[in-house]
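**Q** Just passing along the structure, written as structure tokens.
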Amino acid sequence: MGTRVAIHGASGRLGQLIAAEAKTDFAGPIPRTGEIPEADVIIDVSSADGLSALIGRLSGQPLLIGTTGALPMAEIEAYGRTAPVAIIPNFSAGVPLLLELIQQAVARMPDDWSVEIVEAHHDQKRDAPSGTAKRMIRAVADAGGEANPPTHAIRAGDTIGEHTIWLSGPGERLELKHVATRRAVFAIGALRWAGWLRTQAPGVYRP
């Protein structure tokens with residue numbers, strides 16, 4: 001047995017993928033009203049409003065948040081005082097590596113270089129820039145770079161997810177890029193993060 005997960009937003013595209021990947025460790029979908037299935041970790045991939053409604057119904061379960069947009073941070077932080085909560089805007093394995101590379105590169109780039117971020121997703125994605133792009137912005141700032149580098153969002157076709165950072169100087173440019181080529185990576189990653197979260201102490205984690 002692995003980590004049992006209940007999913008809020010299980011009928012959505014990502015929720016369905018996570019449920020399928022979890023197989024027998026899928027404890028069930030979380031309905032809008034009524035009882036929440038017993039599980040080791042609650043995964044929310046609904047919406048900012050849906051997350052806000054969910055938090056008020058929880059009672060100490062670890063909460064993994066994959067929802068992006070204008071999150072109810074005050075409610076999240078309050079819940080984090082009694083349970084472990086992780087905000088992970090991108091469940092892939094490659095994005096944490098990208099963030100590490102960004103911090104290393106920005107810390108060492110010449111003073112006359114500039115940074116810009118470009119992200120692309122399918123045309124149904126609502127928030128822009130993406131949660132991952134916002135996390136990239138924070139990585140730049142944490143490394144001593146610009147607090148709010150120019151960031152560009154593209155919404156086109158069925159693009160799964162692409163995130164690129166440009167570090168540009170006179171006569172040259174360095175590009176660091178992550179491309180998701182199939183959606184299953186996000187489901188696999190969600191379960192990986194859920195397994196990690198269940199062992200953590202109360203608090204709000206934003207890796």
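The values are calculated or read from the model by the stated rules, or taken from the named source; none is laboratory data. Please read these numbers as outputs of a predicted model, since none were measured by experiment. So basically every Cβ, Gly included, is an ideal-geometry build from the backbone, and we count neighbours across all protein chains shown. These area figures cover heavy atoms from the full protein model, side chains too; ligands, DNA and RNA do not enter into them. Shrake-Rupley method; radii C 1.70, N 1.55, O 1.52, S 1.80 Å.
**Q** Relative contact order for the chain using alpha-carbon pairs under 8 Å, separation at least 6, rounded to a whole percent?
**A** 24
**Q** Give a quick list of GluC sites (Glu not before Pro) in the range 135-176 that DSSP marks as loop, anything other than H, G, I, E or B, with at most 14 other Cβ atoms within 10 Å.
**A** Counting only loop positions with at most 14 other Cβ atoms within 10 Å, the GluC sites (Glu not before Pro) in the range 135-176 are Glu146.
**Q** For q values of 0.12, 0.16, 0.18 Å⁻¹, compute log₁₀ I(q)/I(0) with the Debye formula on a Cα-only model of the range 52-207, without solvent.
**A** -0.57, -0.96, -1.14
**Q** A further question follows. I'd like the distance between the alpha-carbon centres of the range 32-108 and the range 133-162, rounded to an integer number of Å.
**A** 19
**Q** For the range 131-207, just say rounded, prolate or oblate: build the C-alpha gyration tensor, square-root its eigenvalues into a ≥ b ≥ c, call rounded for a/c under 1.5, and beyond that prolate if a/b exceeds b/c, oblate if not.
**A** On the way: a/c = 2.57, a/b = 1.39, b/c = 1.84.
Cα axes put the range 131-207 in the oblate bin.
**Q** Let me ask something else about it. Could you check what % of the DSSP bridge pairs in the chain are antiparallel, to the nearest 5? Write down the numbers at each step before the final one.
**A** Working: 16 of 37 bridges.
Percentage antiparallel, nearest 5: 45.
**Q** First select every other residue whose beta carbon is under 9 angstrom from the beta carbon of Asp123; then total the charges, Lys and Arg +1, Asp and Glu -1. Display every interim value, and only then the final one.
**A** On the way: positive: Lys125, Arg155; negative: Asp158.
Around Asp123, the charge tally is +1.
**Q** Subtracting the Cα-Cα distance from 0.36 nm times the residue separation, let me have the gained length for Arg206 to Arg173 in nm, one decimal.
**A** Using 0.36 nm per residue and subtracting the Cα-Cα distance, I get 8.9 nm.
**Q** What accessible area per residue comes out for the range 54-207, rounded to a whole number of Å², with a 1.4 Å probe?
**A** On a per-residue basis, the range 54-207 sits at 49 Å².
**Q** What does the helix-only formula give at 222 nm for the chain: each DSSP H stretch with n ≥ 4 adding -39500 (n - 2.57), the total divided by the residues, and the result rounded to the nearest 500 deg cm²/dmol? List each step's numbers first, then the result.
**A** On the way: 6 runs with 66 residues, N = 207.
For the chain, the value works out to -9500 deg cm²/dmol.
**Q** Which shape class applies to the range 9-109: rounded if a/c is under 1.5, otherwise prolate when a/b exceeds b/c and oblate if not, where a ≥ b ≥ c are the square roots of the Cα gyration tensor eigenvalues?
**A** Prolate is the answer for the range 9-109, as a/c is 1.5 or above and a/b outweighs b/c.
**Q** Measure off, as a whole percent, the carbon and sulfur share of the 1.4 Å-probe accessible area of the chain, all protein chains present.
**A** Here carbon and sulfur together make up 50 percent of the probe-accessible area.
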